[in-house]
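Following: one structure in structure tokens, then a few remarks.
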Amino acid sequence: VKGNMELNRIYFTSSGVIFAVNFDKLFISNDGGQTFTQKLFSGNILSIKPIEKDLNLIQVNSNFLNKEIWTMKDDGSLISTKVSSITDFTIFHHRKSNKIYAFNTASFVSEDKGQSWILFNPIVTGGRLYQAWELNDGSILAAGVDHYYRSIDNGLTWSIDSSYFSANVRPYNGEHFINNNNETYSCNISCWHGFPVWKYETGTGLWPIR
């Protein structure tokens, strides 16, 4: 990629491939970013979730109307049937069960690496989950509208986990991160625009760390 151009997102795969996104353009590098090839999509690229070699989940705002998820090879070619919605998906790969979740108001789960999708509706307040993490014990922690939820049975059932919840923040209003020690960090709007970062401590709530 040469010249001045804004890149919306950059993704690194375990196989060494780099994906760089500029709205509806996907740039692919196989040599550590020295050179890129370009692929054009029919709508803005919203996210890419690398899973393994030659398997990535790409979410595209197709024709700038529907949000569609496709499985994609490392060379940018699309290889399987899509799922679609009018609102953005949250894509989550649960390594323990090797299931892939696409959370939305109508959610889907794939048990065959994105080749097929089954309708999946977790019973949570507000109807959907917005972000999800796999914790050290293999359980899943996810942010809903007003609560954090945990699943200990590979996503089949969900219960409120109050140890990760604070009344000061609604999970979809900011960015939330879980580190390797299962600690929760949160920031309003975007962590990259100078807003405070908060750390959640059980029993005491959110405390600013930046």
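The values are calculated or read from the model by the stated rules, or taken from the named source; none is laboratory data. These numbers were taken from a predicted model, which means no experiment stands behind them. A quick note on method: Cβ atoms are made from the backbone with ideal geometry, for glycine too, and the neighbour counts reach across all protein chains shown. When the accessible area is computed, the model is the full protein with side chains, heavy atoms only, and any ligands, DNA or RNA have been set aside. Shrake-Rupley method; radii C 1.70, N 1.55, O 1.52, S 1.80 Å.
See the values below:
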| quantity | calculated |
| --- | --- |
| Count of residues meeting criterion [on the phi < 0 side of the Ramachandran plot and surrounded by fewer than 20 Cβ atoms within 10 Å (Cβ to Cβ)] in region 125-146 | 11 |
| In region 58-112, the residues that are polar (S, T, N, Q) and not in a strand (DSSP E or B) | Asn63, Ser77, Ser80, Thr81, Thr87, Ser97, Asn98, Asn104, Thr105 |
| Near pairs, Cβ below 6 angstrom, 6+ apart or cross-chain, from region 80-94 (among the aliphatic types (A, V, I, L, M)) to any residue that is part of a strand (DSSP E or B) and open to solvent by 30 Å² or more (accessible area, probe 1.4 Å) | Val83/Phe108; Ile91/Lys49 |
| Counted residues, region 46-67 - those being more than 16 Å from Lys113 (Cα to Cα) and open to solvent by 10 Å² or more (accessible area, probe 1.4 Å) | 9 |
| Conditions (1) more than 15 Å from the chain's Cα centre (by Cα); (2) in contact (Cβ under 8 Å) with a residue 40 or more places away in the chain; (3) surrounded by fewer than 17 Cβ atoms within 10 Å (Cβ to Cβ): number failed by Ser77 | (2) |
| Extreme residue, farthest from Met72 (Cα to Cα), among residues of region 3-35 that are among the aliphatic types (A, V, I, L, M) and open to solvent by 50 Å² or more (accessible area, probe 1.4 Å) | Met5 |
| Strands (runs of 3 or more DSSP E) contained entirely in region 113-203, each with at least 1 residues that are modelled with pLDDT of 55 or more | 118-120, 131-134, 140-143, 148-151 |
| Answer from Phe41, Phe89, Phe108 - the residue that is buried (at least 18 other Cβ atoms within 10 Å of the Cβ), at pLDDT below 90 and under 15 Å from the mean Cα position of the chain (by Cα) | Phe89 |
| Close pairs (8 angstrom Cβ cut-off, 6 or more residues apart or separate chains): closer than 17 Å to Gln131 by Cβ and of a type in the set (Val, Ile, Thr) in region 147-163, part of a loop (DSSP other than H, G, I, E, B) and modelled with pLDDT under 85 anywhere | Ile160/His147 |
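Residues checked against (1) in contact with an Asp or Glu (Cβ under 7 Å, 6 or more places away or on another chain); (2) of a type in the set (Phe, Trp, Tyr):
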{"position": "Gly43", "(1), (2)": "yes, no"}
{"position": "Ser47", "(1), (2)": "no, no"}
{"position": "Leu57", "(1), (2)": "no, no"}
{"position": "Lys73", "(1), (2)": "yes, no"}
{"position": "Ser77", "(1), (2)": "no, no"}
{"position": "Ser84", "(1), (2)": "yes, no"}
{"position": "Thr87", "(1), (2)": "no, no"}
{"position": "Ile100", "(1), (2)": "no, no"}
{"position": "Phe103", "(1), (2)": "no, yes"}
